[in-house]
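Heads up: the structure comes next, in structure tokens.
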Amino acid sequence: MEEKKQVKVYVKSPSRLHFTLIDLNGELGRIDGGVGVALNYPNVILEASKNDSIIIEGLKSNKVKRLAEKFVKALNINEGFKIKVKKIIPSHVGLGSSTQLSLSIASALAKLFNIKVNVNFLAEVMGRGGTSGIGIAAFQYGGFIVDGGHAFKKKGGKKAFLPSRAAKASPPPVIIRYDFPSDWFFVVALPNLPKGFYGIREVKAFKALCPTPANEAEKISRLILMKMLPALKEFNIKEFGEALTNLQNISVSKRKLMHPIVKECIKKMLENGAYGAGQSSWGPAVYGLVKGVNEAEKLTKIIKSFINERVRGEAFYTNVNNKGAVIKVLS
């Protein structure tokens, strides 16, 4: 009799760049809103299989165990399983690691136990998407994404300005999703600086910064609608890059929170061929937009040298993931 092969579920998630939140004022009755892209690198890569007990192997095992237990408790799963995490996204640097790891684990277990639910349901179970929906949409769809934020101080909406992990809100609607040109690359620098705001520090930052002036939200919205989106549709990297850079300059309060090395790194990228540059989320990840592999390699080399002269760190280049996460059954 032929031995039955063990089924494994394989998940490979993108990471993401978060360019900006759109409205932290709230006068129109909505807040948040986000703009960003999914990246082909770095990734979460993991495999899940059924097992007599719960076994977690590989990277970030304690965090993975907590997230897996959260999911099985919420869905009342009483069977054992094994999760092996092979690759991980650096945490709290601005690349969306928590959302991608949470959704990767939840998607793998849902597939493994034949639970038919959508990504938004998984995100709610895992407590993601309470502020920005970019990471969730990056996982589900890939590409360039704009989300529509959350109702504010209304029934079923958010009651206060809070980050995703502290907010009890459903994932926001995706209002725009475009494929991103495959020959537009992002050079990403990860200088060895204190981690970006998370946990209590992130909650305090939101309370200190919000509400922002209404004219900031107006300027951001206009820049997205009348410069960034048309530039992307017309494949105009110069205009798109200018919009990226200008987004960083609108919020005076957020710029004050940027580390001086981050500001220097953005300046260095712009001086050396980047069409646009900025900080992803709370940083310290810095990105610069270029066209083609040659430009990407050249700028990566310059930025690696630059950050290693100061604080050390790493730099790499990648293009945009236009497909979202890969979830498949291996046997």
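The values are calculated or read from the model by the stated rules, or taken from the named source; none is laboratory data. Predicted model, so just to flag it, every value in this text is computed and none were measured. Note that we place each Cβ from the backbone using ideal geometry, even for glycine, and neighbour counts take in every protein chain shown.
Which residues, counting only those in region 76-91, are surrounded by fewer than 20 Cβ atoms within 10 Å (Cβ to Cβ) and in a loop (DSSP other than H, G, I, E, B)? ASN76, ILE77, ASN78, GLU79, PRO90, SER91 - these are the residues of region 76-91 that are surrounded by fewer than 20 Cβ atoms within 10 Å (Cβ to Cβ) and in a loop (DSSP other than H, G, I, E, B). For region 179-222, a residue qualifies if it is surrounded by fewer than 16 Cβ atoms within 10 Å (Cβ to Cβ) and either part of a strand (DSSP E or B) or under 18 Å from the mean Cα position of the chain (by Cα) (or both), and the qualifying residues are ASP179, LYS195, GLY199. Just one of (1) modelled with pLDDT of 95 or more; (2) out of contact with any helix residue (DSSP H, G or I) (no Cβ under 9 Å at 6 or more places or on another chain) fails for ILE303. It is (2). For GLU47, indicate whether it is part of a helix (DSSP H, G or I), more than 12 Å from the chain's Cα centre (by Cα) and surrounded by fewer than 24 Cβ atoms within 10 Å (Cβ to Cβ). For GLU47, the condition - part of a helix (DSSP H, G or I), more than 12 Å from the chain's Cα centre (by Cα) and surrounded by fewer than 24 Cβ atoms within 10 Å (Cβ to Cβ) - is not met. Residues in region 311-330: is at least one basic (Lys, Arg) and in a helix (DSSP H, G or I)? No - not one qualifying residue is present in region 311-330. Checking VAL293, VAL286, VAL262, VAL252 one by one, the residue that is modelled with pLDDT of 95 or more, of a type in the set (A, V, I, L, M) and surrounded by fewer than 19 Cβ atoms within 10 Å (Cβ to Cβ) is VAL293 and no other.
Among the residues of region 117-136, is any assigned to a helix (DSSP H, G or I), farther than 22 Å from VAL35 by Cα, aliphatic (A, V, I, L, M) and at pLDDT 95 or above? Yes: one or more hits.
For region 114-156, which positions are of a type outside the set (Gly, Ala, Ser), within 22 Å of ILE224 (Cβ to Cβ) and over 18 Å from the mean Cα position of the chain (by Cα)? Within region 114-156, PHE152 is the sole residue that qualifies.
Scanning for something farther than 24 Å from LYS73 by Cβ and surrounded by 21 or more Cβ atoms within 10 Å (Cβ to Cβ), does region 110-123 turn up at least one residue? No, because not a single residue in region 110-123 is farther than 24 Å from LYS73 by Cβ and surrounded by 21 or more Cβ atoms within 10 Å (Cβ to Cβ).
Every listed requirement among (1) at negative phi; (2) in contact with a strand residue (DSSP E or B) (Cβ under 8 Å, 6 or more places away or on another chain) is met by GLU124 save one, (2). Take the residues in region 165-178 that are among the hydrophobic types (A, V, I, L, M, F, W, C) and modelled with pLDDT of 95 or more, then tell me which one is surrounded by the fewest Cβ atoms within 10 Å (Cβ to Cβ). Once the filter is applied, the top-ranked residue is ILE175.
Answer yes or no as to whether VAL320 is at pLDDT 95 or above, farther than 28 Å from PHE139 by Cα and of a type outside the set (D, E, K, R). Answer is no for this residue.
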